[in-house]
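**Student:** This is the structure I want to talk about, given as C-alpha cells.
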Amino acid sequence: GARDDLILVSRGHLKTTINTVAHSIQWILNYPNIRILLCTATDEKARMMLGEIRGHFQFNPRLRFLYPEFCPDPKKASDFGSQTEFTVPCRTQRFKEPTVMTASVGKALASTHHDVLKCSDVVTENNVRTLGQLQEVKEFIGYLDPLREKFESKDGKPNPAWLTLEGTIYAYGD
C-alpha cells in the first residue's frame, strides 16, 4: 500500500520526538538490518536528532536492559557511532549504509539506499524566505526518491521504501 506520509502539525506538539526519534527506535528494534535516512534542513538539526536516537541505545537503562543486543558494550558506549551515523551491533546483513545516517538540504545525496526515509523539519522559517530557497527544498525532496529501496509486494509490483515528511507550515508555498 501507500508508504508516504505527510505530518503537518504546529510547533510544540512532539512531531519530531514521536515520529522521528521514537518511531525510528521502533523500526530498529523490529528490523535490526534496517537502513534509515534522517533528513532535516541543517546538518546541526540532523546531528541533534541522530544523537537523541543514538543516545537511547548508548545510555537509556531500560532500553539497554530489554534489548542489550542492540546496544554497545557499556565500556564503549561513548564511542558508539558518530555525529552523522551509527549501526546497531546485532545487525546480521552487511550494507554500506549504517542503521541510521543523516542528510540535510543542500548536501549531495547519491549512492545510498534506504528502507525508511524520515524527513523532519526540512522546511523551516529560514529556508522558505525566497523562491530560490523554496525551490532548493523542493529539489532536495525530489532527490530522495532514487534513494528509496524498492520492495516487491505480494502481487509482484514494486513498492518504494517508506517516506515520511513531517514539519510545520511556514509559508503558503510550502
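The values are calculated or read from the model by the stated rules, or taken from the named source; none is laboratory data. Model, not experiment: these values are computed from the prediction. Here the Cβ is made from the backbone with ideal geometry for all residues, glycine too, and neighbour counts use every protein chain on show. Heads up: the accessible areas ignore ligands, DNA and RNA and are worked out on the full protein's heavy atoms, side chains in. Shrake-Rupley method; radii C 1.70, N 1.55, O 1.52, S 1.80 Å.
**Student:** Can you tell me which of LEU37, LEU50, LEU131 moves the most in a GNM of the chain? Springs connect C-alpha atoms under 10 Å apart.
**Tutor:** It is LEU131.
**Student:** Give me the accessible area per residue for the stretch 1-135, probe 1.4 Å, as a whole number in Å².
**Tutor:** 56
**Student:** What do you get for trypsin sites (Lys or Arg not before Pro) in the stretch 125-170 restricted to DSSP loop and a cutoff of at most 13 other Cβ within 10 Å of the site's Cβ?
**Tutor:** ARG129, LYS154
**Student:** Place a +1 charge on the Cβ of each Lys and Arg in the chain and a -1 charge on the Cβ of each Asp and Glu, then give the dipole magnitude about the Cα centre in debye, rounded to the nearest 20.
**Tutor:** Details: 22 positive and 21 negative charges, 87 e Å.
Magnitude of the dipole: close to 420 debye.
**Student:** While we're looking at this one, here's another question. Determine one quarter of the surface area of the Cα convex hull of the stretch 63-146, which equals its mean projected area, and express it in nm² to one decimal.
**Tutor:** Directional mean of the projected Cα hull area for the stretch 63-146 stands at 7.3 nm².
**Student:** Something else now. For GLY81, which sequence-distant residues (separation of 5 or more, or a different chain) have an amide H within less than 5 Å of its own amide H, given hydrogens modelled in the peptide plane?
**Tutor:** Residues meeting the criterion, in which the H sits 1.01 Å from N, are THR87.
**Student:** Which percent, nearest 5, of DSSP beta bridges in the chain are antiparallel? List each step's numbers first, then the result.
**Tutor:** Values: 5 of 25 bridges.
If I count the DSSP bridges inside the chain, around 20 percent turn out antiparallel.
**Student:** Where the accessible area of the stretch 28-120 is counted over protein heavy atoms with a 1.4 Å probe, how much of it, in %, is carbon and sulfur?
**Tutor:** The computed percentage sits at 51.
**Student:** Now a separate question. At 25 °C and 0.890 mPa s, what whole-number value in µm²/s does Stokes-Einstein give for the translational diffusion of the stretch 57-106, with Rh from the Kirkwood sum over Cα pairs?
**Tutor:** The calculation lands on 205 µm²/s.
**Student:** Calculate for the chain the 222 nm mean residue ellipticity that helices alone would give, adding -39,500 (n - 2.57) per DSSP H run of length 4 or more and normalising by residue count, nearest 500 deg cm²/dmol.
**Tutor:** Values: 4 runs with 44 residues, N = 174.
After summing the helix terms and dividing by residue count, I get -7500 deg cm²/dmol.
**Student:** So for the chain, Kirkwood radius off the Cα pairs, Stokes-Einstein at 20 °C and 1.002 mPa s: how many µm² s⁻¹?
**Tutor:** Answer, rounded: 127 µm²/s.
**Student:** For a quick check of your reading of the filter: which chymotrypsin sites (Phe, Trp or Tyr not before Pro) in the stretch 82-174 sit in a DSSP loop and have no more than 13 other Cβ atoms within 10 Å?
**Tutor:** TYR172
**Student:** For the stretch 122-132, just list the computed ³J(HN,Hα) in residue order, Karplus coefficients 6.51, -1.76 and 1.60, θ = phi - 60°, integers in Hz, with x standing in for Gly and Pro.
**Tutor:** 5, 9, 10, 5, 8, 10, 10, 7, 10, 4, x
**Student:** I would also like to ask the following. Kirkwood hydrodynamic radius, computed over distinct alpha-carbon pairs, for the stretch 22-112: how many Å, to one decimal?
**Tutor:** About 13.4 Å, per the Kirkwood formula over Cα pairs.
**Student:** Let me ask you something else. How much length, in nm to one decimal, is gained on full extension between SER78 and ARG94, taken as 0.36 nm per residue of separation minus their Cα-Cα distance?
**Tutor:** Gain in length upon complete extension: 3.4 nm.
**Student:** Turning to a different aspect of this structure: Loop-only check: which trypsin sites (Lys or Arg not before Pro) in the stretch 1-102 are DSSP coil with at most 13 other Cβ within 10 angstrom? Don't skip to the answer; put the middle values down first.
**Tutor:** Details: sites: ARG3, ARG11, LYS15, ARG35, LYS45, ARG47, ARG54, ARG62, ARG64, LYS75, LYS76, ARG91, ARG94, LYS96; in loops: ARG3, ARG11, ARG35, ARG91, ARG94, LYS96.
Sites meeting the loop and neighbour criteria: ARG11, ARG94, LYS96.
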